[in-house]
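Any read-out appearing in this document is the output of simple, stated calculations on the displayed coordinates, not a laboratory observation. Owing to the predicted nature of the structure, the values given are computational and were not obtained by experimental measurement. Glycine gets a Cβ as well: all are built from the backbone with ideal geometry, and neighbour counts include every protein chain shown.
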Amino acid sequence: MIVGVEEEKGILSISFRLEESDLPKPTEKFQIGQRGCKFHLPRGVNKEEIHPDHLALVIVMLCSPFCKGRIRLPGGISRRFFESTKIFSRFDVEPDHFSVEPYQPPDSAKLALSFSGGVDSTAALALMPENTVCVFLDRPIRGKSLYDKDAQYHICEELIGMGREVLMIDSDLEYIRDPVGFPVDVANSAPAVLISQRMGFNSIAFGTILESAYGIGHERYREYSLGRHFRTWGGLFSGAGIPLNLVVAGISEVGTSKINVSHNFGSLSQSCIRGKRMSPCLNCWKCFRKILLDKVIRDEEIENSLLDELFEIKEARHFLRSFPIKHENILTWITSRYAGNHKLMLELKHRVRGDKMTLEWLEYWNPESANLIHETCRESVIENIIREIGCMDEEMLEEMKNWDMGEMLNSEHYSSIHQDFIDSIS
Ligand SMILES: [Zn+2]
């Protein structure tokens, strides 16, 4: 992969030229789309103010899935950052030179949050110090799309109104992938990474939650800090002098929703990216889950008419047909607290084992995630977490670590329950 970088009038353009050995279609799921992208840098920021290691980190996030052999950079990087790229076995990073000083945050460094306006990153913001800078990736909408930015813009404006520092950076980086999406999950932080030197950031926070970090939304528990994702991206961000700051990695979706329900700007957050502000589309999988989750957290009755409506959502029915269901743990938590008589809801409860377990530990913080929180805010963030939701005890920790859906997935009993449920919702 040969990479070009240009800047004109505050617009930074990164371009990719594939070489023979590269992988235009690395998996069945996606292929390379447009061969580059643009960033509209904040007023007054130009290419010279972007640290070369930060630019290189962005390049690696954007093109690494499609690279084999090498990534040829247009400029130099530091030795320290170069060392961190050795984790990749499929390609080498080839800079022009190594005469770059590694990035050192200033004494007056600030915390950055890669902010999406959703429930998880809003909960992260609620837990972080007030001078945290939110960096919002403003994604252009092209052609027919269900994506609606109204709710996201609204929360950014509200936060600015509350005196928070929010930077909105326009970039079409998701179009590098076809179908459109982030080439790697951490790529949503590219705008924050690019302005790190100019802003004096000492770390980049994400809204990564327990389900993603520790495998709870998946088949079984894994220790995140020993896994491939953290070794790769944790290493690269540290190499660039802006380590990952995973403030909600020890909190499940139940916990982040609880924090939002109790926190003063939590009511602004919206996970649905299709509806207008304060009126989610009521027609997507996220709406299905979040509406039920919030109802239970607020201790409100779930009416049969609402359930009728929710089970009519086509996208929800599609997700509910999977075995296991994506974020099945959340549905277990919700249904175990459901005491009504709606037929499909009761069948779902049976299917996701809400009749067998309550997963109470999803309401509390996993203290083993403390080492994923940046040292400069660790103490205050933990204090806030303990105040908002509390900490898992030994027994809960044990239950979390035993999370494993393998037995259920392999049992004939649950296969037939699954089949019956599919028939019911079809
Ligand atoms: Zn929705």
Amide H neighbours of residue 31 under 5 Å, at least 5 residues apart or on other chains, H built in the peptide plane: list them.
178
Working from Cα positions, state the angle (0 to 90°, nearest 10) between the long axis of helix 285-297 and the longest principal axis of the chain.
60
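Let me know the charge dipole size of segment 89-210 about its Cα centre in debye, to the nearest 20, where only the beta-carbon of Lys, Arg (+1) and Asp, Glu (-1) is charged. All intermediate terms of the calculation are to be shown ahead of the outcome.
Details: 9 positive and 18 negative charges, 35 e Å.
So the magnitude is around 180 debye.
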On a 0 to 90° scale, report how tilted helix 150-161 is relative to the longest principal axis of the chain, with both axes built from alpha carbons and the result rounded to the nearest 10.
70
Roughly how large, in nm² to one decimal, is the mean projection of the convex hull of the alpha-carbon atoms in segment 60-134?
7.1
Segment 307-397: proportion of alpha-carbon pairs further apart than 21 angstrom, %
47
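Please compute the alpha carbon radius of gyration of the chain, then divide it by the globular-protein estimate 2.2 N^0.38 Å. Two decimals is fine. Before the final figure, lay out the partial values.
On the way: Rg = 22.1 Å, N = 426, 2.2 N^0.38 = 22.0 Å.
Ratio of Cα Rg to 2.2 N^0.38 Å: 1.01.
Could you give the size of the charge dipole of the chain about its Cα centre, using +1 on the Cβ of each K and R and -1 on the Cβ of each D and E, expressed in debye and rounded to the nearest 20? Each step should come with its number before you reach the end.
Values: 49 positive and 62 negative charges, 239 e Å.
Rounded to the nearest 20 debye, it is 1140 debye.
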Given the options 97, 413, 218, which has the most mean-square fluctuation in a GNM of the chain, springs set between C-alpha atoms less than 10 angstrom apart?
413
Give me the dipole magnitude in Debye, nearest 20, for segment 281-426 about the Cα centre, with unit charges on the beta carbon: positive for Lys and Arg, negative for Asp and Glu.
640
Checked against the positive end of the charge dipole of the chain (+1 on Cβ of Lys and Arg, -1 on Cβ of Asp and Glu, about the Cα centre), the farthest of 229, 342, 126 is 229
With Cα springs under 10 Å, the Gaussian network model of the chain assigns the largest mean-square fluctuation among 414, 224, 364 to 414
Please name whichever of 402, 75, 109 sits farthest to the positive end of the charge dipole of the chain, dipole taken about the Cα centre and charges placed at Cβ: Lys and Arg +1, Asp and Glu -1.
75
Got a sec? Charge dipole of the chain, +1 on Cβ for Lys and Arg, -1 for Asp and Glu; which of 85, 168, 141 is way out at the positive end?
141
In a GNM of the chain with a 10 Å cut-off on Cα contacts, which of 236, 113, 159 has the highest mean-square fluctuation?
159
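Are any of the pairs 38/68; 290/326; 286/314 more than 21 Å apart by Cα-Cα distance, and if so, which? Could the numbers behind the result be given before it?
On the way: 38/68 23 Å; 290/326 13 Å; 286/314 12 Å.
Pairs exceeding the cut-off: 38/68.
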Using only Cα atoms, find the angle between the long axis of helix 378-388 and the longest principal axis of the chain, and express it within 0 to 90 degrees, rounded to the nearest 10.
20
